[in-house]
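Working notes for the structure below.
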Amino acid sequence: MASMLNKRVTGAFGKQAPVRSARIAANRSSRRSVRVAATAATDEGIGFKTMRDGIKVAADETLLSPRFYTTDFDEMERLFSLEINKNLDMTEFDAMLAEFKQDYNQRHFVRNETFKAAAEKIHGPTRKIFIEFLERSCTAEFSGFLLYKELGRRLKATNPAVAEIFTLMSRDEARHAGFLNKAMSDFNLALDLGFLTKNRKYTFFKPKFIFYATYLSEKIGYWRYISIYRHLQRNPDNQLYPLFEYFENWCQDENRHGDFFSAVLKSQPDMVNDWAAKLWSRFFCLSVYITMYLNDHQRDAFYSSLGLNTTVFNQHVIIETNKSTERIFPAVPDVENPEFFKKMDLLVKYNTQLLNIGKLNLPEPVKVVMRLPLLERMVAEIFQVFIMTPKDCGSYDFAENKAALVY
């Protein structure tokens, strides 16, 4: 069933209309070509291609771009089976389900006339980076919606309470993605999310890797949103667009989702209390932290437009996310070791040089050769970060000597 999310679905957009004649077909093809050529024009000359009027071609997928995920749904059913997994604390899950049903943000995502008016005042490079931010954020939220929705459907018979939580989380993610996509329309562009569902590549992760990755994604999302919100409350002159005023309540959805995955990990002790779990915990922490650090420094202009220092903002988010993660992961990187961010800054330096090589007007084989030493240095730095002495930590529930724990 894991392949279900990958298959191309035939529906209203997938059916071929019957062709009545070669001439009609040719004429239609010609009209489509003209229409596509016309809509490939850029928005205000900032370089975005469109599929059709107002619908943006999705950004190319790269190593650092948001991904769509699928997993082994059969194994998921076994992990959440009440008959197989005796560690499931249904009292905790039932309490979480009751909280999700409250739907605290049901009436929060209500737009007003200030959105479009603010977007019309943003021009040039700043407009472009805002659109890129909205697209990446929308894609990430929609990815969560797809995964959670399918998990809710698949687990309905195995564990109705957990299945309903996944369904309610997919509700939240759909709401976020829709709000962001509508925000893109203020800039005269939007994503065709149905097209993305059927045509974007899906990355397969085993269930335990899904749990690590989604926990970190939700918690780092919380700290990103709340940090931006607090900064703009202190500096209202940098509030270029009203979307950020919604981040205080919005981030609580992310936090609740992260708490749910913390409970999930506690229900699977083998994922958080042995040597392999320590290695995987550190690996996923570093993967998420490095990806965010490099991504955000590539888009320094966006954070500068909000009056943020990209480096300071990223370091704060990573430190706070790491503190949250210490409460469940058995080991995390020691991000407060001064050497940690020195190495992260070196990665930014090498990544910037790689990007600059890509812009050179040189044959591709020459650019490949130029990139090799930089890639080698990046791999070496990442390895050095990984082997730095980690912080041993973990859930209070798994501690043998609870009296000795200090948070």
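The values are calculated or read from the model by the stated rules, or taken from the named source; none is laboratory data. Treat the numbers as computed from the prediction; the structure is a model and nothing was measured. Counting neighbours? That spans all protein chains shown, and the Cβs are built from the backbone with ideal geometry, glycine included. SASA here: full protein model, heavy atoms, side chains in, ligands and nucleic acids out. Shrake-Rupley method; radii C 1.70, N 1.55, O 1.52, S 1.80 Å.
Over the chain, with every protein chain in place, what whole percent of the accessible area is carbon and sulfur at 1.4 Å, could you tell me? Could you put the intermediate results ahead of the total?
On the way: 11120 of 20570 Å².
Ligands and nucleic acids excluded, carbon and sulfur give 54 percent.
Just order 359-369, 72-82 by mean Cβ neighbour count inside 10 Å, highest at the front, would you?
Top of the packing list down: 72-82, 359-369.
Name the residues whose placed amide hydrogens come within less than 5 Å of the amide hydrogen of Ile328, ignoring near sequence neighbours (fewer than 5 apart) on the same chain.
Those lying under 5 Å, H to H, from Ile328 are Gly394.
Any idea of the accessible area per residue across the chain, 1.4 Å probe, to the nearest Å²?
With all protein chains present, the chain gives 51 Å² per residue.
Please turn the phi angles of the stretch 66-81 into ³J(HN,Hα) values with the Karplus equation 6.51 cos²θ - 1.76 cosθ + 1.60 (θ = phi - 60°), one per residue in order, whole Hz, x for glycine and proline.
Residue by residue, the stretch 66-81 yields x, 10, 9, 10, 9, 8, 8, 5, 5, 5, 4, 4, 5, 5, 9, 6 Hz.
Any idea what log10 I(q)/I(0) is at q = 0.18, 0.22, 0.23, 0.26 Å⁻¹ for the stretch 257-318, Debye with uniform C-alpha scatterers and no solvent?
Result of the Debye calculation: -0.75, -0.88, -0.92, -1.02.
Just tell me which aspartates and glutamates come within less than 19 Å, Cα to Cα, of Lys49; anything on the same chain fewer than 8 places away is out.
Asp60, Glu61, Glu132, Glu135, Asp186, Asp192
With the cut-off at 1.5 for a/c, could you classify the stretch 67-125 from its C-alpha gyration tensor as rounded, prolate or oblate?
Values: a/c = 5.86, a/b = 2.11, b/c = 2.78.
Here the stretch 67-125 falls in the oblate category.
Can you give the Kirkwood hydrodynamic radius for the chain, in Å, rounded to one decimal and based on Cα pairs?
On the way: mean 1/r = 0.0428 Å⁻¹.
With all distinct Cα pairs of the chain included, I get 23.4 Å.
Given the options Asn87, Asn273, Asn112, which has the most mean-square fluctuation in a GNM of the chain, springs set between C-alpha atoms less than 10 angstrom apart?
Asn112
For the stretch 146-193, just the Cα set please: Rg and Dmax, both in angstrom.
For the stretch 146-193, the Cα radius of gyration and maximum Cα-Cα distance read 13.8, 44 Å.
Divide by every residue of the chain the summed helix terms, -39500 (n - 2.57) for each DSSP H run of at least 4, and state the resulting mean residue ellipticity at 222 nm, rounded to the nearest 500 deg cm²/dmol.
Values: 14 runs with 248 residues, N = 407.
Rounded to the nearest 500, it is -20500 deg cm²/dmol.
Can you work out the Karplus-derived ³J(HN,Hα) for every residue in the stretch 199-205? Use 6.51 cos²θ - 1.76 cosθ + 1.60 with θ = phi - 60°, whole Hz, and x for glycine or proline.
Each residue's phi maps through the Karplus curve to give 10, 7, 6, 10, 9, 8, 10 Hz.
How long, wide and thick is the stretch 166-223, going by the Cα atoms along their three principal axes, in whole angstroms, largest first?
Its Cα atoms span 40, 29, 20 Å along the three principal axes.
Taking H placed 1.01 Å from N in the peptide plane, check which residues at least 5 places from Phe204 or on another chain put their amide H under 5 Å from its amide H.
Under 5 Å from the amide H of Phe204 lie the amide H atoms of Thr70, each far enough along the sequence or on another chain.
Could you pull out every residue, at least 5 positions away or on a different chain, whose amide H is within less than 5 Å of the one on Lys391? Hs are placed 1.01 Å off N in the peptide plane, and Pro or chain starts have none.
Hits under the 5 Å cutoff: Val332, Asp334.
Which helices, taking whole DSSP H runs in the chain, have alpha carbons extending 27 angstrom or more along the helix axis plus mean Kyte-Doolittle at least 0.0?
Working: long enough: 124-154 (46 Å, -0.23); 160-186 (39 Å, -0.12); 207-234 (40 Å, -0.36); 247-266 (28 Å, -0.87); 275-298 (35 Å, 0.20); 338-358 (31 Å, -0.09); 364-386 (32 Å, 0.78).
Helices meeting the span and hydropathy rule in the chain are 275-298, 364-386.
Above 20 angstrom, tally the Cα pairs of the stretch 289-393 and express them as a % of all pairs, no decimals.
Numbers: 2640 of 5460 pairs.
Percentage above 20 Å: 48.
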